[in-house]
Every structure is written in structure tokens, then in C-alpha cells.
1. Sort out which residues of the range A:26-42 are at pLDDT 75 or above and either surrounded by fewer than 15 Cβ atoms within 10 Å (Cβ to Cβ) or assigned to a loop (DSSP other than H, G, I, E, B) (or both), and write them in order of number.
2. For the range B:179-187, does any single residue satisfy the condition of being more than 14 Å from B:R11 (Cβ to Cβ), over 18 Å from the mean Cα position of the chain (by Cα) and of a type in the set (A, V, I, L, M, F, W, C)?
3. At least 2 residues that are at pLDDT 90 or above, of a type in the set (A, V, I, L, M, F, W, C) and more than 13 Å from the chain's Cα centre (by Cα) in each: list the helices (runs of 4 or more DSSP H) lying fully within the range B:1-92 that qualify.
4. Need the failing condition index for B:H94 against (1) out of contact with any Ser or Thr (no Cβ under 9 Å at 6 or more places or on another chain); (2) within 30 Å of A:K13 (Cβ to Cβ), just the number.
5. Answer yes or no: is there a residue in the range B:132-143 that is in contact (Cβ under 8 Å) with a residue 12 or more places away in the chain, within 12 Å of chain A (Cβ to nearest Cβ) and either surrounded by 15 or more Cβ atoms within 10 Å (Cβ to Cβ) or among the polar types (S, T, N, Q) (or both).
6. Of everything in the range B:38-66, what is in contact (Cβ under 8 Å) with a residue 60 or more places away in the chain and closer than 20 Å to A:M1 by Cα? Give them in sequence order.
7. Any residue at all in the range B:177-195 that is farther than 17 Å from B:T61 by Cα, touching a Cys at 6+ places or on another chain (Cβ under 8 Å) and modelled with pLDDT of 95 or more?
8. Going through the range A:1-25 one residue at a time, which ones are facing another protein chain (nearest Cβ under 7 Å), among the hydroxyl-bearing types (S, T, Y) and either assigned to a helix (DSSP H, G or I) or surrounded by 15 or more Cβ atoms within 10 Å (Cβ to Cβ) (or both)?
Amino acid sequence: MTGATKKRVVPAKVKGAASRQATIAKATQRIRPKAKIDIARSVRGHNR
Amino acid sequence: MPARGRPPATRQVFSFSDSSLVLPEAVVVDTSFVVEVLSPTQPAHQAALAFAQRLAGADTTLVFNRLLELELDEAVYQLALKERHPKDWRRFRHDGRARRRANRLLTGFRAAWTEFLTAFDYVPYTVEEVADRVPELMIRYGFASYDAIHAATALDSGVSAIVAIDTAFAKLPQSRIAIYTDASRLSNCRRYRQVAAG
């Protein structure tokens, strides 16, 4: 990472490894697709 | 029984399911990885989620281009269309009946992404910041323009790792960037790297 990039870092709001991991798990629980549809091809629509 | 012979050359392409990986100090995240982490119905969701949690636990800084958020919106809108019209969803894009569901999904994904970011130090780039590098990357490596924006973000930030569920980034030289991807894309990424190196 360049020095310029380091200066732009937005710090994490959640501290501590366990809390961060729990936050990520909780974030994914917000999503409730109705069906098992693979949307990977919807991202820029190519080979993937 | 241990595998016989020489292990395959990594070409700086690694599976994010590999528990022995040394995690990078900073990594560029591509939209394809974020979709996989946030949506529980994606095929590589569990592996991607576990890797994201490992990155967060290791204090890895995420670097991404804001284009990611727009690509996420588009993927989610298409999800709403596919839920309603599984077979012929493209034809129904403009009839408006999927918009209410799309709105709910978009709101959910945006909230999830915002919450996800709270667990990381991160550096957001804008498209404008890297746009000047895009034509060169397209010509030099054959990138599509949107892929080139994420690649340019990696090069501009000086970050030497990218996590993506996409083989396109294997066009970048292994001396410049390591790729973390899901196990099913490992051999293709390595093969593309070998071909690109000539």
C-alpha cells in the first residue's frame, strides 16, 4: 500500500477480532433471497 | 497419503479456503467477492464469509472502488427480476413489477455492505481517480472496462493482493499482484497467468 493510500484509511468502527467477525456474520443475515439463484453472473455479466 | 511429485506452481493465485494462507496487510476487494459474502444463497458463500472473517480478524485493510457499490446494485436488481421471472427475466426488466422487491433487496444489500465495512479499516476509491489508467490496462491486458477499473484501483493504491471470484484478474502479472479466489477457479486463474506470462 502506498503512503498516500495509507493516509486515506477510514478506521474500523468495530474493534476486536471476535466482534468484527460477529458483525460480518450479522451483516449477511440481512439478505433473504427467495430462491437459490446464483447472481454471480450478474456482476459485469461475464465468465467469472 | 501425501501427493506425489512437485506441488503445482502457485503463480501467486491462492484459494481463500486454504487455512494456511498468510493474510495480506491490505487487499483490494472485487464486487464478485462481496456478492458471495453478503448473499447466503451464493455457491461459495460459506468459504467467502469465512475468509472475510479471517481478514477482519487479521486487521487487513480493504481497498475498493466505489464502482463496486453500483455493480452490487445491478446484481441485486437482476436478482429481483430472476426471482419473479426465472426463465425470461431480461424481457421483463422494464415492466416495473419487480421494482418493489428490488427496492427491498437493494436496501438490504446496501445496509449489509455498510455494516460489513464497519468491521474493517478501508480505503474507498472513486472511478474518476483511476479512470485515466483504464485505456492502458484494456490495451495492455485485454481487460473489459469495468474490470480495468478494479485493476487500476489495485495498481494505483499500491496494494499487492486482490480477492475476486473472477478469473479476469489473472491477466495482471504475478510479480505485481496476488489473487485470492475460490477453490473452483484456482486452476483456471493459474493457467491464464501462465498464458499471459507467455
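The values are calculated or read from the model by the stated rules, or taken from the named source; none is laboratory data. Remember, it's a predicted structure, so these values are computed and weren't measured experimentally. Note: ideal-geometry Cβ built from the backbone for every residue, glycine included; neighbour counts use all protein chains shown.
1. Those that are at pLDDT 75 or above and either surrounded by fewer than 15 Cβ atoms within 10 Å (Cβ to Cβ) or assigned to a loop (DSSP other than H, G, I, E, B) (or both): A:K26, A:Q29, A:R30, A:I31, A:R32, A:P33, A:K34, A:K36, A:I37, A:D38, A:I39.
2. no
3. B:45-57, B:67-84
4. The failed condition is (2).
5. yes
6. The answer is B:A52, B:L55, B:A56, B:D59, B:T60, B:T61, B:L62, B:V63, B:F64, B:N65, B:R66.
7. Within the range B:177-195, one or more residues are farther than 17 Å from B:T61 by Cα, touching a Cys at 6+ places or on another chain (Cβ under 8 Å) and modelled with pLDDT of 95 or more.
8. Residues satisfying the conditions are A:T5, A:T23.
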